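The structure appears below as structure tokens.
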Amino acid sequence: MSLDNLFQEVRTVEASNNAACYFPLMSGRYEVKPGMMPFGCCLGNTQVDGQVFQIDDNFSQYRQAKLLARQERLSKYYQTCNYSQAVASAMARLIINRLTQEHPKHFYYQKSIYNTLKFHSQLTKETLYLDAQFQLQQVEGSQVVPAYASTLDALAAQVQEDLTIICRSADGRNWLSGVHLCYPNHWSAEEKIGQDFATIHAPVAGMEKINRRGLAIANTMITHKPMVRFAWGLSNDTRLNHHPEPPPGVSVSQWRGRNFDLQHPRLYLRIERQVIWGIPEYEAALFTIRTYFRDCGVVKKDSLLRSKLYTAIESMSLESLVYKGLAESKASILKWLNEV
């Protein structure tokens with residue numbers, strides 16, 4: 001595996017032809033809050049805002065990033081814990097139904113007389129054969145290494161989103177039951193799997209009040225109608241994979257990539273569109289994470305957007321700056337944003 005491939009970057013929203021465009025900073029403040037909105041509400045991208053899975057002309061770049069991550073070490077990016085067959089089937093059914101409804105040109109499925117399922121992706125040319133419980137039986141047209149370990153693993157490789165599943169037990173306890181995270185933003189699937197909502201988010205600066213309501217938020221994710229929310233940060237590159245553990249042969253400082261250089265400025269908004277789709281009859285919820293990059297060099301040419309970005313960074317607490325890796329570069333970034 002080439003180290004250059006591991007550092008592969010993807011195109012920004014501005015350099016794409018049909019990528020959805022979001023700017024979740026219009027309050028002009030950095031805020032840590034649930035921020036959940038009804039799924040499908042209009043956010044300026046017409047019918048795309050009503051899609052769980054958004055597909056654009058960057059698909060091949062996102063797909064390649066997933067395949068490289070899997071090839072490095074699958075267990076680093078894909079984990080399950082107490083992930084029952086009933087929940088696994090429900091999640092597979094949900095994902096397949098959404099893909100075929102939202103993108104009929106790219107995906108189709110058919111049932112056989114034996115109640116097995118054939119699911120085909122025109123994007124990857126792969127065909128998945130599933131049994132009546134949606135368990136993966138066979139894959140046609142795939143050269144993927146390692147071979148797909150499960151239906152969830154195979155379906156995750158067909159989309160530009162990362163996938164996580166939260167479950168709840170009869171006594172109210174919740175836990176991260178499944179995670180396919182090939183585009184991690186400085187967090188680890190291996191570290192978080194099996195943890196509850198509050199424990200997962202404990203390291204996040206400013207999450208204290210929200211974490212005290214962790215049980216209630218997890219319950220909302222499972223029982224309420226589908227929702228969407230956004231998170232954002234800043235990056236000096238457009239690499240999707242920022243796992244906290246660098247690949248073999250790569251130094252931590254080289255891999256982390258959070259050094260802003262005022263003489264050669266590269267700065268991007270890393271925006272996550274997160275969709276929460278509860279399946280209360282299975283005491284579970286699907287949580288998708290779609291990562292977008294916006295070029296701050298372009299953003300700052302718009303006086304309103306530049307102002308909102310500037311004040312949002314300026315409003316960050318020291319704890320948030322440290323958590324986001326911006327403590328040392330805040331002053332330089334703000335100076336650069338003021339240079340029109």
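No lab work stands behind these numbers, since they all come straight from the coordinates. Every value quoted in this text rests on a predicted model; they were computed, and no experiment measured them. Neighbour counts run over all protein chains shown; Cβ positions are idealised from the backbone, glycine included.
Report the full-extension gain for the segment N97 to E281: residue separation times 0.36 nm, less the Cα-Cα distance, to one decimal in nm. Can you show the working numbers first?
Working: separation 184, 0.36 × 184 = 66.24 nm, distance 1.70 nm.
Full extension from N97 to E281 adds 64.5 nm.
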Likely footprinting exposure, T291, T151, fewest C-beta neighbours within 10 Å first:
T291, T151
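Can you flag which of K33/K324; K192/K330; K66/K225; K209/K308 are past 20 Å Cα-Cα? If you can, show how the numbers build up before the last one.
Values: K33/K324 16 Å; K192/K330 29 Å; K66/K225 29 Å; K209/K308 25 Å.
In this structure, K192/K330; K66/K225; K209/K308 lie more than 20 Å apart at Cα.
Can you give me the Rg/Rh ratio for the range 191-263, using Cα atoms for both radii and the Kirkwood formula for Rh? Walk me through the numbers before you get to the answer.
Details: Rg = 16.6 Å, Rh = 15.5 Å.
The Rg/Rh ratio comes out at 1.07.
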Just to compare against my own numbers: the Cα pair-distance distribution for the range 130-280, 10 Å bins, whole % per bin, please.
9, 30, 35, 20, 5, 0
For the range 165-206: relative contact order, % (alpha-carbon pairs under 8 angstrom, 6 or more apart):
34 percent
From largest to smallest, what semi-axes in whole angstrom does the range 1-51 give when each is the square root of 5 times an eigenvalue of its alpha carbon gyration tensor?
28, 17, 12
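Provide the net charge surrounding P146, with neighbours chosen by a C-beta distance below 10 Å and charges set as Lys +1, Arg +1, Asp -1, Glu -1. Please list the in-between numbers first.
Numbers: positive: R70, R73; negative: D153.
Summing Lys and Arg as +1 and Asp and Glu as -1 gives +1.
How big is D, in µm² s⁻¹, for the chain by Stokes-Einstein at 10 °C and 1.306 mPa s if Rh is the Kirkwood radius over C-alpha pairs? If you can, show how the numbers build up before the last one.
Numbers: Rh = 20.9 Å.
For these conditions, the coefficient is 76 µm²/s.
For the range 94-186, which chymotrypsin sites (Phe, Trp or Tyr not before Pro) pass both filters: DSSP loop (anything but H, G, I, E, B) and at most 10 other C-beta atoms within 10 Å? Intermediate values should be presented prior to the final figure.
Details: sites: F107, Y108, Y109, Y114, F119, Y129, F134, Y148, W175; in loops: Y114, F134, Y148.
Counting only loop positions with at most 10 other Cβ atoms within 10 Å, the chymotrypsin sites (Phe, Trp or Tyr not before Pro) in the range 94-186 are Y114.
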Can you list the lysines whose alpha carbon is less than 24 Å from that of K111, not counting same-chain residues fewer than 8 positions off?
K125
Between the range 17-56 and the range 98-113, what's the alpha-carbon centroid distance in Å?
25 Å
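Does the range 267-325 come out rounded, prolate or oblate, given a ≥ b ≥ c as the square roots of the eigenvalues of its C-alpha gyration tensor, rounded meaning a/c under 1.5 and, failing that, prolate meaning a/b above b/c?
Numbers: a/c = 3.11, a/b = 1.96, b/c = 1.59.
In terms of gyration-tensor shape, prolate.
Can you tell me which of 23-31, 264-272 comes out highest on packing, and rank the rest after it, using the mean Cβ neighbours within 10 Å? Walk me through the numbers before you get to the answer.
Details: 23-31: 15.7, 264-272: 18.9.
Packing order, densest peptide first, comes out as 264-272, 23-31.
May I ask you to compute the full-extension gain from D237 to R256, defined as 0.36 nm times their residue separation minus their alpha-carbon distance, rounded to one decimal in nm?
Numbers: separation 19, 0.36 × 19 = 6.84 nm, distance 1.00 nm.
Stretched out fully, the D237 to R256 stretch lengthens by 5.8 nm.
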Please give the Cα centre distance for the range 274-314 versus the range 194-239, rounded to the nearest Å.
13 Å
Net length gained if the chain between A149 and A216 were fully extended (0.36 nm per residue, minus Cα distance)
20.8 nm
Could you calculate the FRET efficiency of R306 with E245 from 1/(1 + (r/R0)^6), where r is the beta carbon distance between them and R0 is 41 Å, rounded to 0.05?
0.70
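Summarise the long-distance tail of P(r) for the range 1-143 by giving the % of C-alpha pairs beyond 20 Å.
Numbers: 6515 of 10153 pairs.
Percentage above 20 Å: 64.
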Ranking G194, G28, P104 by how far each Cα lies towards the positive end of the charge dipole of the range 3-338 (+1 on Lys and Arg Cβ, -1 on Asp and Glu Cβ), the top one is G28
